[in-house]
Amino acid sequence: MNMYNEPKLIIDWDDEDKDYMLNGSTSWKSPSNLAIIKYWGKYGNQLPQNASISLTLDAAHTETTLEYYYAVPDSDWIEFYYDDKEMPAFAQRIERYFESLTEIFPFIKQFDFRIHSKNSFPHSSGIASSASAMSALALCLCDMERTYFRTLKDDQDFYKKASYVARLGSGSAARSVLPGWVEWGENSVDENFSNLFGTRVTEIHESFRNMRDAILIVSKKEKSVSSSAGHQLMENNAFAAPRYHQANERLGILMKALKEGDWATFGRIAENEALTLHALMMASEESYILMVPNSLKMIEEIRKFRKESGVHVYFSLDAGPNIHLLYPDNFKDEVHRFIKDTLLDLCVDGRIIYDQVGKGPQKLA
Ligand code: PMV
């Protein structure tokens, strides 16, 4: 199903009434996100097997500039630069992505593109960058549509389409275009929830609205198995069906905890979701392990500290070895002391990104 089959979005360069620009550019900053209920397993065209919910981050983000030029025959369609360095392999990936978007944005075939991108977090820090990178690109394309066709003027329409388009690049990117807490995937909790785009969740207790996330970098190595290979391995995973059921059931419980400020329930679900994600990887054929010894040491220390101090501090993991430490803003002094005393030495090069729930993407001047 394609919600946005839009053959009319094509530029008539000869139309004298229109002052079409031949060239231009747009720049967006878009954040990464951390899922608490994890999306792991997909079907069809980037549709999730279960509903997920995440917090949009703030410090961990991508900045992307999309320069567009009136297409010249025989020139490269897409040039891609990361940190000002040309990356032909990335350009090829984006070419495939843009090719898949030609029904949604027919006009992209009328242009050549030069893309400049950079992340706020160090390259090879093990932080997943596809959510921020793909959402930034999707926002640039929607912005381009708005400029040429005067569509998507309503912000709600704009971000809905950006989420839809981001999803086609990387599922989790669908959640990055919105601020705060974001749901993605059909679920009986709310009939408005969709598999096609993310939906902002606004009934959130104050203590979760400014929740903190310290990202403890345990390894800088590239992941040995990509997320797309991981999703694919779910197809033959013996635990797939009960897992999808579990995630969908949990969504309502987590949303209630987020609304009521119930940190104990939140923490129980957050930690179990992280470990379940990694358990699914270990249980798939081929089996694989993305955690490293220091990930486990940190988990042990976090649980010990929580038990001894009574502070609400919980961990999560993405598809990688790094630990996300989640805690309320009003416990930050205690938690930062704990990080310095106990966890810092377990981080590679002492690397930590102090992040928090963020305000969503931003158009750059
Ligand atoms: O968006 P993808 O295809 O890279 O999948 C990412 C999945 C997780 O980050 C592991 C979980 C999630 O929901 O973000």
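The values are calculated or read from the model by the stated rules, or taken from the named source; none is laboratory data. Model, not experiment: these values are computed from the prediction. When we count neighbours, we look across all protein chains shown, and the Cβ atoms used for this are built from the backbone with ideal geometry, even at glycine.
Things to note:
- Any hit, the stretch 122-141, residues being away from the ligand (no atom under 16 Å from the Cβ) and more than 30 Å from Ser224 (Cα to Cα): yes
- Apart from one condition, Arg146 fits all of (1) within 16 Å of the ligand (Cβ to nearest atom); (2) in contact (Cβ under 8 Å) with a residue 12 or more places away in the chain; the exception is (1).
- Of Leu66, Leu9, all but one fail to be assigned to a strand (DSSP E or B) and in contact with a Ser or Thr (Cβ under 9 Å, 6 or more places away or on another chain); the exception is Leu66.
- Being β-branched (Val, Ile, Thr) and within 16 Å of the ligand (Cβ to nearest atom) is a property that Thr199 has.
- Subset of the stretch 203-260 (residues that are under 30 Å from Val348 (Cβ atoms), among the β-branched types (Val, Ile, Thr) and surrounded by fewer than 20 Cβ atoms within 10 Å (Cβ to Cβ)): Val225
- Where a residue in the stretch 226-240 is farther than 11 Å from Glu285 by Cβ and its partner, wherever it lies, is at pLDDT 95 or above and charged (D, E, K, R), with Cβ under 6 Å and at least six apart: His231/Lys42
- Ala89 being aliphatic (A, V, I, L, M), free of Cβ contacts under 8 Å to residues at least 24 places away in the same chain and within 20 Å of Lys223 (Cβ to Cβ): yes
- Residue count for the stretch 178-200, restricted to those that are in contact with a Gly (Cβ under 7 Å, 6 or more places away or on another chain) and touching a residue at least 24 places away in the same chain (Cβ under 8 Å): 8
- For the stretch 179-196, filtering for residues that are away from the ligand (no atom under 14 Å from the Cβ) and under 15 Å from the mean Cα position of the chain (by Cα) leaves 3.
- On the stretch given as the stretch 259-311, residues that are in a helix (DSSP H, G or I) and within 16 Å of the ligand (Cβ to nearest atom) total 16.
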